[in-house]
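Okay, so here's the structure we're looking at.
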Amino acid sequence: MWGEQRDDEGSGLCDECANTYTFKDILVSQVPTGKQIEGKTEYKVTLKNPCICTQLSITLSCPGFNTVEAIDPTILTHDGDTCGVEYIHRFEQVEFTYAWDTAITFTPVSSQIACSK
């Protein structure tokens, strides 16, 4: 289990996480909030980091992403079909809402693992 210290192998939690977990482990969920913004459905997106290490410089594929609702650029950046999240601390999550005609698929494509011993 990744949440346990492995003294017998000389590997700590950070070593294990950095060697085992990647951007592919970021959990993405999305649900409609039930609100309408300028006639568009509002969606709440949650990105959760299950790793004991912080994930930095997270890049998400977000083809067709658009919104009529302002998103705090310190939470999510957007350029074409690519979205970015600066970081998600260990075992934490980042949430944002957007409003558009249809839900957009957010797929993690890269990140950096940061852990201190």
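The values are calculated or read from the model by the stated rules, or taken from the named source; none is laboratory data. Everything quoted here is computed from the prediction, not taken from an experiment. Neighbour counts run over all protein chains shown; Cβ positions are idealised from the backbone, glycine included.
Would you check which residues across the stretch 98-117 are over 18 Å from Asn49 (Cα atoms) and either in contact with an Asp or Glu (Cβ under 7 Å, 6 or more places away or on another chain) or among the polar types (S, T, N, Q) (or both) and list them?
Listed by number, the residues that qualify are Tyr98, Ala99, Thr102.
Taking Lys35 as the residue in question, decide whether it is assigned to a strand (DSSP E or B), of a type in the set (D, E, K, R) and either out of contact with any Pro (no Cβ under 9 Å at 6 or more places or on another chain) or touching a residue at least 60 places away in the same chain (Cβ under 8 Å) (or both).
Yes.
Regarding the stretch 69-77, can at least one residue be identified that is within 19 Å of Lys24 (Cβ to Cβ), touching a strand residue (DSSP E or B) at 6+ places or on another chain (Cβ under 8 Å) and either loosely packed, with under 13 Cβ neighbours inside 10 Å or modelled with pLDDT of 95 or more (or both)?
no
When the residues of the stretch 22-53 are narrowed to those that are among the β-branched types (Val, Ile, Thr) and more than 30 Å from Gln112 (Cβ to Cβ), which ends up surrounded by the fewest Cβ atoms within 10 Å (Cβ to Cβ)?
Here the residue is Thr33.
Test each condition in (1) of a type outside the set (Ser, Thr, Tyr); (2) in contact with a Ser or Thr (Cβ under 8 Å, 6 or more places away or on another chain); (3) part of a strand (DSSP E or B) for Arg90 and report the one that comes out false.
Failing condition for Arg90: (3).
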